[in-house]
Amino acid sequence: TGRGQQAVWSIARSILPRTGKTTWTHNQALMELGALVCTARVRHCSSCPVQPMCATSAATVA
């Protein structure tokens, strides 16, 4: 919903880095997570640091 999306964006703005090296490091970490842990063909949910919050992992287990 629009209200839910606004809430998610509000949280993201409050916790994600906006400038500097921290921003680069955060983006690089997300790319590496996708490349090494959560790949298109094989997911490695058991070794994923965000698995408890992951919708894909929850859908796979369900």
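What's the number of the condition Pro17 fails, among (1) in a helix (DSSP H, G or I); (2) surrounded by 10 or more Cβ atoms within 10 Å (Cβ to Cβ)?
(1)
I'm told Asn27 meets every condition in (1) outside any helix (DSSP H, G or I); (2) surrounded by 11 or more Cβ atoms within 10 Å (Cβ to Cβ) except one. Can you identify the failing condition by its number?
(1)
Name the pairs: first residue in the stretch 36-62 and of a type in the set (Gly, Ala, Ser), second residue not in a helix (DSSP H, G or I), Cβ to Cβ under 8 Å, at least 6 apart or on different chains?
Close Cβ pairs (under 8 Å, with a partner that is not in a helix (DSSP H, G or I)) amount to Ser47/Val37; Ser57/Arg43; Ser57/Cys48.
Computed from the coordinates by the stated procedures, all read-outs in this text should not be read as laboratory data. Bear in mind that the values here come from a model prediction, so they are computed numbers and not experimental data. Every residue, glycine among them, receives a Cβ derived from its backbone with ideal geometry; neighbour counts consider all protein chains shown.
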